[in-house]
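Here's the structure, in structure tokens; my notes come after.
We did not get these values from a lab; they are worked out from the coordinates using the rules stated. The structure displayed is predicted, hence computed values, not measured ones. All Cβ positions, even for glycine, are placed from backbone atoms using ideal geometry, and neighbour counts span all protein chains on display.
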Amino acid sequence: MQRNTLVLMIVRFIFVLLLLPVSLSAQKVVRILAIGNSFSADAVESYLSPLAQADGVELIIGNMYIGGCSLQTHWNNVEGNLPAYSYRKIVGGELISTENQQLITAIKDENWDFITFQQVSSNSGQLDTYFPYITNLLQYVKAEATNPKVKFALHQTWAYASNSTHPGFVNYNKNQEQMYRAIVETVNKVAEQTKIDIIIPSGTAIQNGRTSYIGDNFCLDGYHLSVGIGRYTAACTWYEKLVERHVLGNPFVPEGMSLIEASIAQHAAHYAVAVPNDTTSLAHFSSEVYK
């Protein structure tokens, strides 16, 4: 009888241990490298690290930056071994930029858990502009990455503001919804053809946010994200998608942002991760709630 009681106590103890939450930060640091341009800068350089810190998670973030850089240019840089990048690395919330770097420098710098790719914004919804460059880049990065378990992701970028004067907007008849749909469909096709199984749906998150009372005010200049809610929404999307922890209720709110704006951004990201290919309305969010 005593033996059975002891066994039962041990089983219950093990069961309780299994139910205890495991801290991601206690397991490891999450390392994310973006091979991108100013749109990756918008997404990862401002608020991604403080979101993680507020959630008890440690990130190391790298962004290989060239403004307006296309996949073709990235591949040309690889072929020419060109030191064309600003390597922007964030550790412990501190960003350090090192100029005139080759892509291989960043790839070899850390045992990255995630390496992301994206097309230049004006071509993000045009399938023929991705190939053969994304295929070549992926093959190259796979061969050079130091972490054999590294995962690859595509950044689904956002459609321009409806009043954008960006010359690339003509590729979509200067229509925001047409641009958004083209980006979603194209990135999905690229993921299928390259067998990249992670898509970071920043474009859908921004489109979700535009359905709220904030409207079409997520961009700074018609295409880059605003310093406040635009970048925060994208960072929330990256965090929830890659770190796989809900961003809803994350206590980090950028200075000057209201609680309702932060909630809209978090929900826009959360719904985008859950439903990445279609807009989820946030029209029910009211600024009156937090007054």
Debye equation applied to the C-alpha atoms of the range 75-222, log10 I(q)/I(0) at 0.08, 0.11, 0.21 Å⁻¹: -0.26, -0.50, -1.31
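At 222 nm, what helix-only mean residue ellipticity would the chain give, in deg cm²/dmol to the nearest 500, using -39500 (n - 2.57) for each DSSP H run of four or more? Numbers along the way, then the final one.
On the way: 11 runs with 118 residues, N = 291.
Per the formula, -12000 deg cm²/dmol.
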Virtual spin-label span in nm between HIS246 and THR146, 7 Å along Cα→Cβ: 3.7 nm
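Which order do the peptides 195-207, 170-182 come out in when sorted by mean C-beta neighbours inside 10 angstrom, highest first? Mind showing how you got there, number by number?
Working: 195-207: 23.9, 170-182: 16.6.
My ranking of the peptides, most packed first, is 195-207, 170-182.
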ASN163/LYS195 FRET efficiency (R0 41 Å; Cβ-Cβ; nearest 0.05): 0.60
Reduced Cα scattering model of the range 161-251, Debye log10 I(q)/I(0), q = 0.18, 0.23 Å⁻¹: -0.91, -1.25
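Could you work out the relative contact order of the chain, using alpha carbon pairs under 8 angstrom and six or more residues apart, expressed as a whole percent?
Working: 544 pairs, mean separation 49.9, N = 291.
The normalised contact order for the chain reaches 17 percent.
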Mean Cα-pair separation over length for the range 197-291, i.e. relative contact order, pairs under 8 Å, 6 or more apart, %: 40 percent
Coordinate range along principal axes, alpha carbons of the chain, Å, largest first: 80, 52, 35
Note, ³J(HN,Hα) from phi for the range 169-179, Karplus 6.51, -1.76, 1.60, rounded to Hz, x at Gly and Pro: 5, 5, 4, 10, 6, 6, 10, 4, 5, 5, 5
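Of the DSSP beta bridges with both residues in the chain, give the percent that are antiparallel, rounding to the nearest 5.
Details: 13 of 30 bridges.
Roughly 45 percent of the beta bridges in the chain run antiparallel, per DSSP.
Where the convex hull is taken over the Cα atoms of the range 95-144, what is its projected area averaged over directions, in nm²?
On the way: hull surface 18.9 nm².
In nm², the orientation-averaged hull projection of the range 95-144 is 4.7.
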In range of the label at VAL29: residues from the range 72-99 whose backbone nitrogen is under 16 Å from the point 7 Å along Cα→Cβ: 88-97
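Could you tell me what a quarter of the Cα convex hull surface of the range 123-195 works out to, in nm² with one decimal place? Don't skip to the end; give the middle numbers.
On the way: hull surface 21.6 nm².
Quarter of the Cα hull surface area: 5.4 nm².
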